[in-house]
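Colleague: Got a structure for you, questions after.
The values are calculated or read from the model by the stated rules, or taken from the named source; none is laboratory data. All of these numbers come straight from a predicted model, not from anything done at the bench. No Cβ is skipped: glycine too gets one built from the backbone with ideal geometry, and neighbour counts run over all protein chains shown.
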Amino acid sequence: MARKAINITPSLLETVRKYRMELYNGFIKKEDVLKTIRGEYEPKVELTLGSAFHLLLQNGTEKYLQSDGSYKVVDASMPNEIIFTAEQVETVVAYEQRVPFGVKECKVNGWINVGDYKVRLSSKVDMLVGTIIEEHKTSKYAQSTKDFEDSLQWRTYLYLLPECDKVVYNLFQLNNTKKYGLRVNYGTCNFYRYKGLKADLSEWIKLTLEFAKSTQTLNYLRPEWIKTYDE
Amino acid sequence: MTDFKIDGLQLIAPSEPIPPKNTITVIYGQPGSGKTSLSFTANNPLHLDFDDGLERAVGRKMSIKFTSVIEDGELKKTGYEACKELIDSGKFLQLVDQYEFKTIVIDTGGTLLDDHIAPYLIHNNPKYGNSAGGLTLQGYGALKQEYKTLLRTIKGFNLDIVVVCHATEKDGKHRPKMTGGSLEVLKESCDLLGYLFLEGNKRTLDFNPTESHFGKNVAGFKRLNIPHYESEKYLEFVANCIRIAKEKMSSISEEQKSAINDVAEYKAQVEQAETFKELTAIEIDANKLPTTYKVQVKTLVLEKFNSMYAEMYWDGLEDAEAYTQALLEIPENVDQYKSRQLGYYFFDFAKLKGYTYDKENKVMVLDESVAQTAEQAVNEKPAAKKATAKKATAKKKAVPKKKANPKKKTTAKKATKPKKRKAVVVTPEIEEE
């Protein structure tokens, strides 16, 4: 069967899933999905607390350590920088010590055939520790298994990394109150490979492609470079 | 394993496999599906009965029945209080030693929470109860904590735990019937979470998560048919599931050790590399590796490449003009792919040195970022905030199949010409997490 090549990210699959499932009280609108497909991201105006904390996890605390013991986090395109105290970064330092062998920010790509399409899944995992996939999530709210168990992100990772059977979500709750300042709570939840994972992923890719076809946005998922992979 | 060992302590090197721990298995299903009977097939179980379901069970084993004591219409003692007394007095451990119990069955998890722990908490601290006799928000927090402590205490006695639960259905999906945040505690702490149901005339246990039920499957089990209770295979069914799960966890741990060691060897090679040529040789060699190893080695090579390039070309840059010149030289020195990666790295490098990119004039300039403390920073993007706040009232309507809510069916619009994506070399764009 002749197949056309398509490029999809787990982030697009997640947007489609949230839209179709009407999660967050239907917060994700059709226009949001279209923007994601077209690659029209809302420009970030400043570095937020969550993003800064994620940068600490992503790049390691050492990079931002200042001579006075504080941590100054900057983002190349942002007009502000956020300074964390050593105490606020304690959980990240402890986490780094727990996984000294981790390789951060690994780009992972792979193919899956869905109907008439040959789909390239492009993603980046926060960290690989041997055969364990680690993903960091920051939020001001307490998060738990139920927030991620249906996610297509970890399903995509497990599909793309056949030697891995386990994904660990590191959940950092950034509790910022006037009374106590910033306090960081840390927890984890794990997800495992299961029978039917590929079928679940295929189903959502199919739905995503159907959405793109019906909204005539499929071309955005077929940039010039991927056409060389057409069968 | 490291030789260092004293009572109560064990030193485990980061690259060593973690010894298999005791497991928590959750079996949930509709009434009459045989959950309690199935739990008796665990390895030498002690059954803690909070639900009066023992009478109907097949193949009964040792059991302790917990009931609440009510005198003159007043609650004197809850079943959970008795359970706590048993544990705290040390008699529980005596029983475990005497009968060599290996597994504790909690039957049912939901009843333990709703009918035993919740009244116990309200009885001891009335502020946990509301006027309707239920728990307050604070009470639910205490309930979750109490349950968590109980599971941790039992596991601490080197026992496996099987929690039997009734099933309930929400948004078309079967899940264990439990109160408050305890379901989350259970899902997070368990290793196996299986739905027991009838498929035709066969009883089936599925640990795999599906669209119609929750599951957790550390062992990679397929859908399991439960043998007839008179069959020999049935007698140790749950015991075997737990044994296989432990073996799997142990093998993951072994594979993990081997993977860490293999990647560490490559990491050492990358660190020792002094030329771009040596790095390229390592990258080519990594192509023979399995995917998971390969992506790690390639990431390490790229990191090293960036830092070597920075050392070679960017060390000692003194002013904005020099930074601009260095930026312009990148595409001249490396190929397109590396140029893009190096571009991200350059902007990050420059920012930390106090320079930033002026998009309008396409030059590097002195950075004038405003410093904020963590407390002053915006917590989250407004959109994300709104989304999460609404989450509490979220209601799933659509089904992730083609038959999804027709409202959501999209209609084809007039074809629009695809927009060209912007060039990425000069402007740092952060990829989606």
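Colleague: Out of B:181, B:172, B:194, report the one residue that is modelled with pLDDT of 90 or more, within 12 Å of another protein chain (Cβ to nearest Cβ) and either buried (at least 18 other Cβ atoms within 10 Å of the Cβ) or within 18 Å of residue A:149 (Cβ to Cβ) (or both).
Modeller: Details: B:181 fails: modelled with pLDDT of 90 or more; B:172 fails: modelled with pLDDT of 90 or more.
Of B:181, B:172, B:194, the one residue that is modelled with pLDDT of 90 or more, within 12 Å of another protein chain (Cβ to nearest Cβ) and either buried (at least 18 other Cβ atoms within 10 Å of the Cβ) or within 18 Å of residue A:149 (Cβ to Cβ) (or both) is B:194.
Colleague: I've got another one for you. Identify the residue in region B:61-80 that is part of a loop (DSSP other than H, G, I, E, B) and in contact (Cβ under 8 Å) with a residue 24 or more places away in the chain and, among all such residues, is farthest from residue B:149 (Cα to Cα).
Modeller: Initially, region B:61-80 is screened for residues part of a loop (DSSP other than H, G, I, E, B), giving B:61-62, B:66-68, B:72-73, B:78.
Applying the additional criterion that residues be in contact (Cβ under 8 Å) with a residue 24 or more places away in the chain yields B:62, B:66, B:68, B:78.
Numbers: B:62: 24, B:66: 19, B:68: 21, B:78: 17 Å.
For region B:61-80, the residue satisfying everything is B:62.
Colleague: Checking residue B:208 against (1) closer than 20 Å to residue A:160 by Cα; (2) part of a helix (DSSP H, G or I): exactly one of these is not met. Which one?
Modeller: (2)
Colleague: What do you reckon, is residue A:98 among the basic types (Lys, Arg) and surrounded by 17 or more Cβ atoms within 10 Å (Cβ to Cβ)?
Modeller: No: the conditions fail for residue A:98.
Colleague: Against the condition under 31 Å from the mean Cα position of the chain (by Cα) and at pLDDT below 90, how does residue B:115 come out, does it pass?
Modeller: Numbers: under 31 Å from the mean Cα position of the chain (by Cα): yes; at pLDDT below 90: yes.
Here the answer is yes, as residue B:115 does meet what is asked.
Colleague: Just give me the residues in region A:118-132 being crowded, with 20+ Cβ neighbours inside 10 Å and either away from chain B (no Cβ under 12 Å) or outside any strand (DSSP E or B) (or both), in sequence order.
Modeller: Correct list: A:119, A:121, A:130, A:131.
Colleague: Pick out the one residue from B:147, B:140 that is farther than 22 Å from residue B:57 by Cα and buried (at least 22 other Cβ atoms within 10 Å of the Cβ). Please lay out each step first, then the result.
Modeller: On the way: B:140 fails: buried (at least 22 other Cβ atoms within 10 Å of the Cβ).
The match here is B:147.
Colleague: Is region B:327-334 home to any residue that is free of Cβ contacts under 8 Å to residues at least 12 places away in the same chain and not basic (Lys, Arg)?
Modeller: Yes; the residues of region B:327-334 include at least one that is free of Cβ contacts under 8 Å to residues at least 12 places away in the same chain and not basic (Lys, Arg).
Colleague: Only residues that are in contact with a Leu (Cβ under 7 Å, 6 or more places away or on another chain), in a helix (DSSP H, G or I) and of a type in the set (A, V, I, L, M, F, W, C): list them for region B:129-166, please. Reasoning before the result, please.
Modeller: Going through region B:129-166, the residues in contact with a Leu (Cβ under 7 Å, 6 or more places away or on another chain) turn out to be B:129, B:135, B:139, B:142-143, B:146-147, B:157, B:161, B:163.
After this cut, where a residue has to be in a helix (DSSP H, G or I) as well, the list is B:139, B:142-143, B:146-147.
Those that are in contact with a Leu (Cβ under 7 Å, 6 or more places away or on another chain), in a helix (DSSP H, G or I) and of a type in the set (A, V, I, L, M, F, W, C): B:142, B:143.
Colleague: Follow-up. Under 30 Å from residue B:108 (Cβ atoms) and at pLDDT 90 or above: does that describe residue B:268?
Modeller: no
Colleague: Assess whether residue A:157 counts as being closer than 19 Å to residue B:208 by Cβ and either touching a His at 6+ places or on another chain (Cβ under 6 Å) or modelled with pLDDT of 95 or more (or both).
Modeller: Yes; evaluated as a whole, the condition is true for this residue.
Colleague: Would you check if there is a residue in region B:132-142 being within 14 Å of another protein chain (Cβ to nearest Cβ) and in contact (Cβ under 8 Å) with a residue 12 or more places away in the chain? Let's see the steps before the verdict.
Modeller: Here is the first cut: in region B:132-142, the residues within 14 Å of another protein chain (Cβ to nearest Cβ) are B:137, B:140-141.
Now narrow it down to the ones that are in contact (Cβ under 8 Å) with a residue 12 or more places away in the chain: B:140-141.
Checked against the condition, which is being within 14 Å of another protein chain (Cβ to nearest Cβ) and in contact (Cβ under 8 Å) with a residue 12 or more places away in the chain, region B:132-142 yields at least one hit.
Colleague: Among the candidates A:135, A:203, which residue alone is in a helix (DSSP H, G or I) and closer than 22 Å to residue A:8 by Cα? Give the steps one after another, and end with the answer.
Modeller: Working: A:135 fails: in a helix (DSSP H, G or I).
Of A:135, A:203, the one residue that is in a helix (DSSP H, G or I) and closer than 22 Å to residue A:8 by Cα is A:203.
Colleague: Would you kindly identify the helices (runs of 4 or more DSSP H) lying entirely within region A:1-92 that contain at least 1 residues that are crowded, with 18+ Cβ neighbours inside 10 Å, without any contact (Cβ under 8 Å) to a residue 40 or more places away in the chain and more than 9 Å from chain B (Cβ to nearest Cβ)?
Modeller: A:10-20, A:49-59
Colleague: Separate question: Quick test of your reading of the structure: residue B:113 fulfils all but one of (1) surrounded by 12 or more Cβ atoms within 10 Å (Cβ to Cβ); (2) within 26 Å of residue B:237 (Cα to Cα). Name the failing condition by number.
Modeller: Condition (2) is where residue B:113 drops out.
Colleague: Scan region B:323-375 for residues that are within 8 Å of chain A (Cβ to nearest Cβ) and among the polar types (S, T, N, Q) and jot them down.
Modeller: Matches in region B:323-375: B:356, B:369, B:372, B:373.
Colleague: May I pose another question? Could we say that residue B:127 is closer than 29 Å to residue B:196 by Cα and among the basic types (Lys, Arg) here?
Modeller: Taking the combined requirement at face value, the residue does not satisfy it.
Colleague: If you don't mind, there's one more thing I want to ask. Can you confirm whether region A:137-145 contains a residue that is among the aromatic types (Phe, Trp, Tyr) and either more than 7 Å from chain B (Cβ to nearest Cβ) or closer than 26 Å to residue A:5 by Cα (or both)?
Modeller: Within region A:137-145 (the criterion being among the aromatic types (Phe, Trp, Tyr) and either more than 7 Å from chain B (Cβ to nearest Cβ) or closer than 26 Å to residue A:5 by Cα (or both)), the answer is no, since none of the residues qualifies.
Colleague: Taking only pairs six or more apart or across chains, which ones have beta-carbon atoms under 6 Å, a first residue in region B:260-286 that is of a type in the set (Ser, Thr, Tyr), and a second residue that is surrounded by 11 or more Cβ atoms within 10 Å (Cβ to Cβ)?
Modeller: Within 6 Å, the pairs are B:266/B:297.
Colleague: Hey, another quick one. Would you be able to say whether some residue in region B:295-318 is basic (Lys, Arg), touching a Lys or Arg at 6+ places or on another chain (Cβ under 8 Å) and not in a loop (DSSP other than H, G, I, E, B)? Let's see the steps before the verdict.
Modeller: Filtering region B:295-318 down to residues basic (Lys, Arg) leaves B:298, B:304.
Among the residues that remain, those that are also touching a Lys or Arg at 6+ places or on another chain (Cβ under 8 Å) are: B:298.
Still in the list and also not in a loop (DSSP other than H, G, I, E, B): B:298.
Yes, region B:295-318 has at least one match.
The rows are residues; the columns are (1) surrounded by fewer than 17 Cβ atoms within 10 Å (Cβ to Cβ); (2) among the aliphatic types (A, V, I, L, M).
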residue	(1), (2)
B:177	no, no
B:190	no, no
B:208	no, no
B:215	no, no
B:235	yes, yes
B:238	no, yes
B:244	yes, yes
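Colleague: Kindly indicate whether any position in region A:113-120 is of a type in the set (Val, Ile, Thr), modelled with pLDDT of 95 or more and closer than 17 Å to residue A:151 by Cβ.
Modeller: No - not one qualifying residue is present in region A:113-120.
Colleague: Follow-up. Could you tell me which residue of region A:208-217 is nearest to the other protein chains (Cβ to nearest Cβ), considering only residues that are part of a helix (DSSP H, G or I) and crowded, with 19+ Cβ neighbours inside 10 Å?
Modeller: Quick first cut of region A:208-217, residues part of a helix (DSSP H, G or I) only: A:208-214.
Cutting the leftovers down to crowded, with 19+ Cβ neighbours inside 10 Å gives us A:208-209, A:211-212.
Values: A:208: 11, A:209: 12, A:211: 6, A:212: 9 Å.
The extreme case among them is A:211.
Colleague: State which residue is surrounded by the fewest Cβ atoms within 10 Å (Cβ to Cβ) when the search covers only region A:149-199 and only residues that are touching a residue at least 60 places away in the same chain (Cβ under 8 Å) and among the β-branched types (Val, Ile, Thr).
Modeller: A:184
Colleague: Output the residues belonging to region B:211-255 that are at pLDDT 90 or above, among the β-branched types (Val, Ile, Thr) and in a loop (DSSP other than H, G, I, E, B).
Modeller: B:226
Colleague: Would you mind finding the one in B:96, B:58, B:105 that is of a type in the set (A, V, I, L, M) and part of a helix (DSSP H, G or I)?
Modeller: B:96
Colleague: So residue B:187 ticks every box in (1) among the charged types (D, E, K, R); (2) closer than 24 Å to residue B:113 by Cβ; (3) out of contact with any helix residue (DSSP H, G or I) (no Cβ under 9 Å at 6 or more places or on another chain) but one. Which box is left unticked?
Modeller: Result: residue B:187 fails condition (3) only.
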